[in-house]
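The values are calculated or read from the model by the stated rules, or taken from the named source; none is laboratory data. As the structure is a computational prediction, the values presented were derived from the model and not from experiment. No Cβ is skipped: glycine too gets one built from the backbone with ideal geometry, and neighbour counts run over all protein chains shown. Quick note on the areas: whole protein, heavy atoms, side chains included, nothing else; ligands and nucleic acids left out. Shrake-Rupley method; radii C 1.70, N 1.55, O 1.52, S 1.80 Å.
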Amino acid sequence: MKELPLPDEQRLLEYVVGLRWFGAKSRDVAHARIIEAPVLREGDPTLALALVEIGFHPGTHELYQLPLGFRRDTGREGVIDRRHGWAVYDALEDPELARALADLLDENRTVKAEHGIVEFQGEDVGTLGEVRPVGAEQSNTSLVFDERLIFKVYRRLEPGINPELELLRFLTERGFPNVPALAGWYAYVGTPMDATLGVLQHYVKGKSDGWDFALDSLRSEPERFVEHVPRLGEVTAAMHTTLASENSDPAFAPEEPSAEALALLVASIDEEIERMFANLPQIEALEPILGRGEEIRDQLRMIASGGPFGRIIRHHGDFHLGQV
């Protein structure tokens with residue numbers, strides 16, 4: 001292709017705002033514009049990596065990633081547009097092009113774009129075969145390859161390294177065994193911003209997350225859940241020990257908290273205690289702890305009065321049973 005038959009801007013706008021991963025449906029959209037579209041694979045089908053600027057009134061905008069596929073139009077359904085005999089569509093809905101995008105990580109390719117470059121980094125993961133989508137997501141698109149790798153493509157882009165990549169790379173490099181290891185990533189470097197585009201991880205099959213496991217166990221075998229709680233504590237402790245192990249990297253080095261940071265921490269814990277005990281249901285199973293919030297506050301005050309009692313480290317930030 002000498003020139004990509006990019007979709008009409010109005011059709012592009014109508015397509016993007018109707019998708020689940022478009023997070024600004026309540027805002028007044030002004031335009032959709034492709035600002036970068038480097039070709040990653042030529043031929044039929046062609047693969048291009050479109051960065052789409054969605055503009056809003058009165059002048060703000062967001063940046064989205066939309067890998068585009070181009071095939072000679074044979075009546076394919078679900079297309080964004082038809083241009084000059086080509087069907088233009090979301091490439092992640094095409095197994096052949098999804099594999100082609102993931103293969104670039106294995107090849108450690110660097111692709112030039114008009115205003116920057118796209119960098120691909122990864123390990124040798126072998127030939128990719130069967131592809132299936134993970135359908136429950138709201139803001140990203142994930143694909144599972146051969147039930148052994150999962151490829152997460154970020155749709156709305158944020159400037160800088162994505163914390164997920166940053167933490168996965170850190171934990172993988174240090175051999176932490178309780179997260180699916182990082183297998184690769186790709187990123188855009190240039191104008192209008194540097195941004196992580198996606199990550200590839202080893203896929204771990206599982207029937208449920210920690211929240212579903214807890215609910216199922218507490219309904220049928222409460223002692224089964226209780227037996228697992230110490231193990232959860234061990235793994236959580238090991239994760240934080242690993243996150244606190246690097247003193248030379250400013251992004252991970254543990255820090256001594258200031259008096260102001262300590263006061264804020266104590267205040268936030270105090271608020272959590274208040275919320276929890278104010279909303280405990282009056283049921284027999286909870287009688288041993290009902291009304292004992294003030295005892296926990298006393299413990300908190302006693303610990304805090306002794307001055308700094310630990311260091312500030314990187315942590316998950318949203319670590320609940322649904323993430324386990």
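Please enumerate the residues belonging to region 217-269 that are assigned to a helix (DSSP H, G or I), touching a residue at least 12 places away in the same chain (Cβ under 8 Å) and of a type in the set (S, T, N, Q).
Thr236, Thr242
Kindly indicate the residue of region 94-119 that is without any contact (Cβ under 8 Å) to a residue 40 or more places away in the chain and part of a helix (DSSP H, G or I) and also surrounded by the fewest Cβ atoms within 10 Å (Cβ to Cβ) among those meeting that condition.
Glu107
Of the numbered conditions (1) surrounded by 15 or more Cβ atoms within 10 Å (Cβ to Cβ); (2) among the β-branched types (Val, Ile, Thr); (3) more than 30 Å from Ile34 (Cβ to Cβ), Thr241 satisfies every one except a single condition; which is it?
With respect to (1) surrounded by 15 or more Cβ atoms within 10 Å (Cβ to Cβ); (2) among the β-branched types (Val, Ile, Thr); (3) more than 30 Å from Ile34 (Cβ to Cβ), Thr241 is out only on (1).
Looking at region 267-281, can you tell me whether even one residue there is open to solvent by less than 40 Å² (accessible area, probe 1.4 Å) and either modelled with pLDDT of 90 or more or touching a helix residue (DSSP H, G or I) at 6+ places or on another chain (Cβ under 7 Å) (or both)?
Yes, region 267-281 contains at least one residue that is open to solvent by less than 40 Å² (accessible area, probe 1.4 Å) and either modelled with pLDDT of 90 or more or touching a helix residue (DSSP H, G or I) at 6+ places or on another chain (Cβ under 7 Å) (or both).
Among the listed residues Asp81, Asp8, identify the single one that is touching a helix residue (DSSP H, G or I) at 6+ places or on another chain (Cβ under 6 Å) and over 19 Å from Leu197 (Cβ atoms).
Selected residue: Asp81, the only one of Asp81, Asp8 that is touching a helix residue (DSSP H, G or I) at 6+ places or on another chain (Cβ under 6 Å) and over 19 Å from Leu197 (Cβ atoms).
Scan Thr172, Thr196, Thr141, Thr191 and give me the residue that is within 24 Å of Arg314 (Cβ to Cβ), among the hydroxyl-bearing types (Ser, Thr, Tyr) and open to solvent by 20 Å² or more (accessible area, probe 1.4 Å).
Details: Thr196 fails: open to solvent by 20 Å² or more (accessible area, probe 1.4 Å); Thr141 fails: within 24 Å of Arg314 (Cβ to Cβ); Thr191 fails: within 24 Å of Arg314 (Cβ to Cβ).
Testing whether each residue is within 24 Å of Arg314 (Cβ to Cβ), among the hydroxyl-bearing types (Ser, Thr, Tyr) and open to solvent by 20 Å² or more (accessible area, probe 1.4 Å) leaves just Thr172.
So Gly43 ticks every box in (1) open to solvent by 40 Å² or more (accessible area, probe 1.4 Å); (2) out of contact with any helix residue (DSSP H, G or I) (no Cβ under 6 Å at 6 or more places or on another chain); (3) not aliphatic (A, V, I, L, M) but one. Which box is left unticked?
(1) is the only condition that Gly43 fails.
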